[in-house]
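Below: one structure, written as structure tokens.
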Amino acid sequence: MLLAEVLDGLAVRPDGIYVDATFGRGGHAAALLARLGPSGRVYALDRDPQALAAGRARFSGEPRLVLAQGNFADLAAHCRAWGVTGRLAGLLLDLGVSSPQLDDPERGFSFRRDGPLDMRMDPGAGPSAAEWLAQASEREIAEALWRYGEERAARRIARRIVEQRRRAPIVRTGELARLVEAAVPARGPQRIHPATRTFQALRIVVNDELGALRAALDAAPELLAPGGRLAVISFHSLEDRLVKRFLQNRGHWTLPPRDWPVAVPPRLEPVGGLRRPSEAECAANPRARSARLRVARRPE
């Protein structure tokens with residue numbers, strides 16, 4: 001997704017060291033490798049063991065690629081282990097859930113086809129969405145739906161969830177989708193399914209996606225070499241606002257007042273404006289429509 005735009009934004013050098021912190025099925029990594037010479041390297045992370053297994057099969061015998069299972073919240077630790085801290089020519093974060101994860105009903109990310117209500121990017125780590133819903137309070141559920149799904153009917157949905165789990169636990173995606181649909185009466189033509197925001201919110205909570213993004217962004221300036229570039233693809237407003245604010249603040253979460261006696265040097269500098277997928281890409285892949293790319297560089 002946004003492949004040409006990512007390569008352009010990263011200004012790929014043949015001898016550069018790159019980290020793809022969201023490997024997925026290896027599309028971006030393959031494109032990076034195609035532009036690298038013999039001394040270039042790509043280090044790749046993914047939380048999903050299925051993605052890593054597919055990647056090892058696809059890239060077997062590729063000496064310039066190093067694959068590891070991990071959360072990009074721990075990106076700094078992985079880069080230290082690889083010995084590349086402060087040496088990266090580029091770092092890519094392609095946020096959200098991958099198409100293979102969405103398309104597999106057994107992973108529980110989508111309400112389109114019934115499956116276990118799981119939603120974990122790493123199925124072996126932490127509670128599933130069903131387990132979280134079983135123990136969270138009504139207030140916690142409502143707050144999560146409002147904060148991470150921007151769901152206006154958050155309280156009504158949370159109340160219905162708690163009422164339903166008193167009768168029986170909610171363990172299937174289809175069950176939850178029908179419950180939300182019943183709790184949110186249709187008002188005119190529906191642009192998206194009523195359960196879309198609820199599923200987004202639960203996925204973000206289960207995987208602590210915004211916490212991981214904050215940690216990765218905070219680590220990025222020290223991981224990049226001078227002149228190295230960061231590229232972040234986001235898919236919803238919560239992610240994009242976080243990235244935008246961080247980059248507008250030059251790689252800081254907050255900036256001191258203008259009359260602060262000591263100047264705060266930039267850790268990152270935005271490169272270009274917001275990049276969006278082309279009409280052709282959106283036509284070929286409708287899921288690309290919400291993708292947004294922001295690029296920054298570490299000052300030299």
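The values are calculated or read from the model by the stated rules, or taken from the named source; none is laboratory data. Predicted, not measured: the structure shown is a model, and the values here were computed from it. No Cβ is skipped: glycine too gets one built from the backbone with ideal geometry, and neighbour counts run over all protein chains shown.
Within segment 1-63, which helices (runs of 4 or more DSSP H) (wholly inside it) include 2 or more residues that are polar (S, T, N, Q), modelled with pLDDT under 95 and at positive phi?
By residue number, no helices (runs of 4 or more DSSP H) qualify.
Could you please tell me which pairs satisfy a Cβ distance under 8 Å, a separation of 6+ or placement on different chains, a first residue in segment 95-115 that is farther than 16 Å from HIS28 by Cβ, and a second residue that is acidic (Asp, Glu) and part of a helix (DSSP H, G or I)?
SER110/ASP103; GLY115/GLU106
Going by the conditions given, is GLY83 over 22 Å from HIS193 (Cβ atoms) and either charged (D, E, K, R) or assigned by TED's automatic domain parsing to the domain that holds GLU239 (or both)?
Yes.
Any idea which of (1) modelled with pLDDT of 95 or more; (2) over 24 Å from ARG275 (Cα atoms); (3) more than 16 Å from the chain's Cα centre (by Cα) is the one ASN71 doesn't satisfy?
So the condition that ASN71 fails would be (3).
Given the conditions (1) closer than 27 Å to ASP118 by Cβ; (2) surrounded by 15 or more Cβ atoms within 10 Å (Cβ to Cβ); (3) assigned by TED's automatic domain parsing to the domain that holds HIS78, which single one is not true for ARG289?
(2) is the only condition that ARG289 fails.
Each row is one residue, and each column tells you yes or no for (1) at pLDDT 95 or above; (2) small (Gly, Ala, Ser); (3) in a loop (DSSP other than H, G, I, E, B).
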{"site": "ARG155", "(1), (2), (3)": "yes, no, no"}
{"site": "ALA158", "(1), (2), (3)": "yes, yes, no"}
{"site": "ILE161", "(1), (2), (3)": "yes, no, no"}
{"site": "PRO169", "(1), (2), (3)": "yes, no, yes"}
{"site": "LEU176", "(1), (2), (3)": "yes, no, no"}
{"site": "LEU179", "(1), (2), (3)": "yes, no, no"}
{"site": "ALA182", "(1), (2), (3)": "no, yes, no"}
{"site": "PRO185", "(1), (2), (3)": "no, no, yes"}
{"site": "ARG191", "(1), (2), (3)": "no, no, yes"}
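Being part of a strand (DSSP E or B), touching a residue at least 40 places away in the same chain (Cβ under 8 Å) and assigned by TED's automatic domain parsing to the domain that holds ALA225 is the requirement here; does LEU67 meet it?
Yes.
Let's see how each residue does on (1) under 14 Å from the mean Cα position of the chain (by Cα); (2) assigned to a loop (DSSP other than H, G, I, E, B):
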residue	(1), (2)
THR85	no, yes
LEU91	yes, no
GLY96	yes, yes
ARG112	no, yes
ASP122	yes, yes
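Within segment 155-177, work out how many residues are small (Gly, Ala, Ser), out of contact with any His (no Cβ under 8 Å at 6 or more places or on another chain) and either touching a residue at least 40 places away in the same chain (Cβ under 8 Å) or surrounded by fewer than 18 Cβ atoms within 10 Å (Cβ to Cβ) (or both).
Residues meeting the conditions: 2.
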